1. Kindly provide the set of residues from segment 269-287 that are among the hydrophobic types (A, V, I, L, M, F, W, C) and touching a residue at least 60 places away in the same chain (Cβ under 8 Å), ordered by number.
2. Can you tell me which condition Ala92 does not meet? The list is (1) at pLDDT 90 or above; (2) within 30 Å of Val227 (Cα to Cα); (3) not hydroxyl-bearing (Ser, Thr, Tyr), and all the others hold.
3. Determine whether segment 277-289 contains at least one residue that is at pLDDT below 95, outside the structural domain of Cys161 (by TED's automatic domain parsing) and part of a helix (DSSP H, G or I).
4. Filter segment 294-306 down to residues that are at pLDDT 85 or above and surrounded by 19 or more Cβ atoms within 10 Å (Cβ to Cβ), then give me how many there are.
5. Considering only segment 55-173, give the helices (runs of 4 or more DSSP H) lying wholly within it that have at least 1 residues that are of a type in the set (Val, Ile, Thr), assigned by TED's automatic domain parsing to the domain that holds Thr185 and crowded, with 20+ Cβ neighbours inside 10 Å.
6. Return only the number of the condition from (1) touching a residue at least 24 places away in the same chain (Cβ under 8 Å); (2) out of contact with any helix residue (DSSP H, G or I) (no Cβ under 8 Å at 6 or more places or on another chain); (3) among the polar types (S, T, N, Q) that Ser266 does not satisfy.
7. When you look at Phe257, is it in a strand (DSSP E or B) and either farther than 30 Å from Arg199 by Cα or of a type in the set (Lys, Arg) (or both), yes or no?
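The values are calculated or read from the model by the stated rules, or taken from the named source; none is laboratory data. If you're wondering where the values come from, they're calculated on a predicted model, not measured in any experiment. Note that each Cβ is placed from the backbone with ideal geometry, even for glycine, and that neighbours are counted across all protein chains shown.
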Amino acid sequence: MGFEFKKMESTETKTETGFDLDADIEKVKCLIIGSGPAGYTAAIYASRANLSPVIYQGLEPGGQLTTTTEVDNFPGYPEGVTGPVMMEDLKAQAERFGADSRWGIVSSVDLSKRPFKVIVDGKKQLEAEALIISTGATAKYLGLESEEKMKGSGVSACATCDGFFYKGKDVAVIGGGDTATEEATYLAKMCNKVTLVVRRDELRASKVMQDRVFNTPNIEVKWNSQVDEFLGENGVEGVRLVNKEGEKEEIKLDGIFVAIGHHPNSDFVKGQIDMDEAGFITTSNGQKTNLPGVFAAGDVQDKVYRQGITAAGTGAMAAIDAEHYLASLED
C-alpha cells in the first residue's frame, strides 16, 4: 500500500514485507503503539475491558510530558505534579489492571489486512487484531545548543501548559503563524509583556489572529528577527536576537515559548492510512481511522488542543472503540 518496510537482514524465509516465516509471531488482541497520556489511558480502558493490551513505549516513554517540570492543569493533582511522575502514575495504573507495558520501538507495520503485522526493534514480530496508534507529536525547536540546555528551565513549547508560571513576568514567543499568535495573545492576559519574534516582515497567521496581536497593547513584535542564543546560567534570563541586517539585540526575559509547529509521529504508517497534509492521522466517529480495527489517539491525530487531558480522553475513546470493534467480530 505504498509503504516499504525498513530493510532487514536477508534470509530465504523472509517475506517481501520483512516477516520471517520461521520466527515466532506473537498474537496480540489489542496493541497500543506509543505511551503518554493517550497510550496509557487507552491501556487502562483496554485492560479493564479484558482486551489484554500490549503497549510499546517508543523512543520517549511517557511522551512530551516527561520534559515538563510542573503540570498544574491535569485533574486529580490539586498540588500539581511533575510530568515524569504523572506518567509513571498512569503507567502503574495501566499495569495494575494487567496491561503489558514494554520497552521497544515499532520499526514497521503492515496494515493491508487483519491481523495487522508489526515489527518491533527490527526483529520481534507481532500480529494484532486491533491497533491503537498513540505515538504523539514532536514539538519543533530551533536546534540551538543553548535552547536544548534550557528546555524545561524557561524554554517551553506549550503556553497553555506552562504559561501559568510566568504570571506578571516578561516572556517571548518565537514564530509568526497561528500557533505563535495564539500563544502570544494567551500569555498577554497573564504576563507583564510578551515579545513576539518573527523572522519575516509579516505574520503568516490568519487575519483575525493578526488583529488580536496588533490590538493587544502588551505584545511587542520584533520583525525580521531570529534567535541567536538563549541567555542564562541555570535557566532563561534573556535572549539575543539578530535581525536581517546582522544587528544583535539582547532582551531580558523570564521565559521563552517556541511556537513553530509540531510534527506528528506518523511516518511509520505513511501511505497506509489516511492523514492530512501535515501528517496528522485522520479520525472520525470517535477515534476510528479509515481502516477498520485501527484507531488513533492523542497528538498524532489532534493538531488543535494538544493537552495531556484531551490526549487521555481520546485514549479512552480509542480503547472503547477497539472494544466495540473486537466484540463485533464475535457476533
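1. Filtering segment 269-287 down to residues among the hydrophobic types (A, V, I, L, M, F, W, C) leaves 269, 273, 275, 278, 280-281.
Correct list: Val269, Ile273, Phe280, Ile281.
2. Against the list (1) at pLDDT 90 or above; (2) within 30 Å of Val227 (Cα to Cα); (3) not hydroxyl-bearing (Ser, Thr, Tyr), Ala92 comes up short only on (2).
3. Checking segment 277-289: not a single residue is at pLDDT below 95, outside the structural domain of Cys161 (by TED's automatic domain parsing) and part of a helix (DSSP H, G or I).
4. Initially, segment 294-306 is screened for residues at pLDDT 85 or above, giving 294-305.
This time we only want the ones that are surrounded by 19 or more Cβ atoms within 10 Å (Cβ to Cβ), so: 294-302.
Within segment 294-306, residues that are at pLDDT 85 or above and surrounded by 19 or more Cβ atoms within 10 Å (Cβ to Cβ) number 9.
5. On the way: elements: 83-96, 145-149, 159-162.
Fully inside segment 55-173 and qualifying: nothing.
6. (2)
7. Details: in a strand (DSSP E or B): yes; either farther than 30 Å from Arg199 by Cα or of a type in the set (Lys, Arg) (or both): no.
No, not satisfied.
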